[in-house]
Amino acid sequence: NAGVMQNPRHLVRRRGQEARLRCSPMKGHSHVYWYRQLPEEGLKFMVYLQKENIIDESGMPKERFSAEFPKEGPSILRIQQVVRGDSAAYFCASSPPDRVGQPQHFGDGTRLSIL
Amino acid sequence: SQQGEEDPQALSIQEGENATMNCSYKTSINNLQWYRQNSGRGLVHLILIRSNEREKHSGRLRVTLDTSKKSSSLLITASRAADTASYFCATVPRGSNYKLTFGKGTLLTVNP
């Protein structure tokens, strides 16, 4: 019974590079949520996806950030042209189709550091 | 405006004592959830309380919800060193069933 798997656990990028964060939901879960946690802060909602659909991206920055959840494979959070302010922990959560959001099962996160 | 603000920010107690953490929020909610986060790890769901419930228990955890005061409390009884973690409350606003809004958390340290 593998939980939500995120990789890499740690990612270091230089300013201007691209960061790709991957999330495999729990088996049987078809709903994925991404959150960002800045140091000493709580998690902030970014985006909610179902297979091949973005349901709610109200928490995503308008530029440089995108997310997808393809029919096959993990969900990807992509950050283009990273800046220092993107340094944070990014968490993915999932839930089964019959219990959207309640509760959400979290992965251990990807710690993104921008040099 | 920030939902789910926890109080205190940090709490240090001795093993065996009870720990109480409080959470306040601003808007109408569908439900309120408490999560635990160990250092460097993801969040673990502890308990969910719906807006029409007033109290809920799970093992050594007791959660109360007062919607008139827009507040909740988490009580951990007979604490253990393994309870050391950050605790977050998260609200799901009315009309939504997924958009968790977290506070900054309470860092609980249980000293052996």
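Annotations
- Residue, modelled with the lowest pLDDT, within the range B:38-59, restricted to residues that are outside any strand (DSSP E or B), within 12 Å of chain A (Cβ to nearest Cβ) and open to solvent by less than 100 Å² (accessible area, probe 1.4 Å): B:Gly40
- Matching option when the condition is more than 10 Å from every other protein chain (Cβ to nearest Cβ), of a type in the set (Asp, Glu), open to solvent by less than 80 Å² (accessible area, probe 1.4 Å) and over 28 Å from B:Ser86 (Cα atoms), among A:Glu68, A:Glu18: A:Glu18
- Complete set of residues in the range B:89-100 that are out of contact with any Lys or Arg (no Cβ under 8 Å at 6 or more places or on another chain) and either at the interface with another protein chain (Cβ under 7 Å from one of its Cβ atoms) or among the hydrophobic types (A, V, I, L, M, F, W, C) (or both): B:Cys89, B:Ala90, B:Asn97, B:Tyr98, B:Lys99, B:Leu100
- Within the range B:101-112, being open to solvent by 20 Å² or more (accessible area, probe 1.4 Å), within 11 Å of chain A (Cβ to nearest Cβ) and assigned to a loop (DSSP other than H, G, I, E, B) holds for one residue alone: B:Lys104.
- For the range B:16-49, a residue qualifies if it is over 14 Å from B:Leu75 (Cα atoms) and in contact (Cβ under 8 Å) with a residue 60 or more places away in the chain, and the qualifying residues are B:Tyr25, B:Thr27, B:Ser28, B:Ile29, B:Asn30, B:Asn31, B:Leu32, B:Gln37.
- Extreme residue, nearest to B:Lys69 (Cα to Cα), among residues of the range B:5-27 that are open to solvent by less than 60 Å² (accessible area, probe 1.4 Å) and in a loop (DSSP other than H, G, I, E, B): B:Tyr25
The values are calculated or read from the model by the stated rules, or taken from the named source; none is laboratory data. Since this is a predicted model, take the numbers as computed values, not measurements. We place every Cβ from the backbone using ideal geometry, glycine too, and count neighbours over all the protein chains shown. Each accessible area value is taken on the protein alone, full model and side chains, heavy atoms only, with ligands, DNA and RNA left out. Shrake-Rupley method; radii C 1.70, N 1.55, O 1.52, S 1.80 Å.
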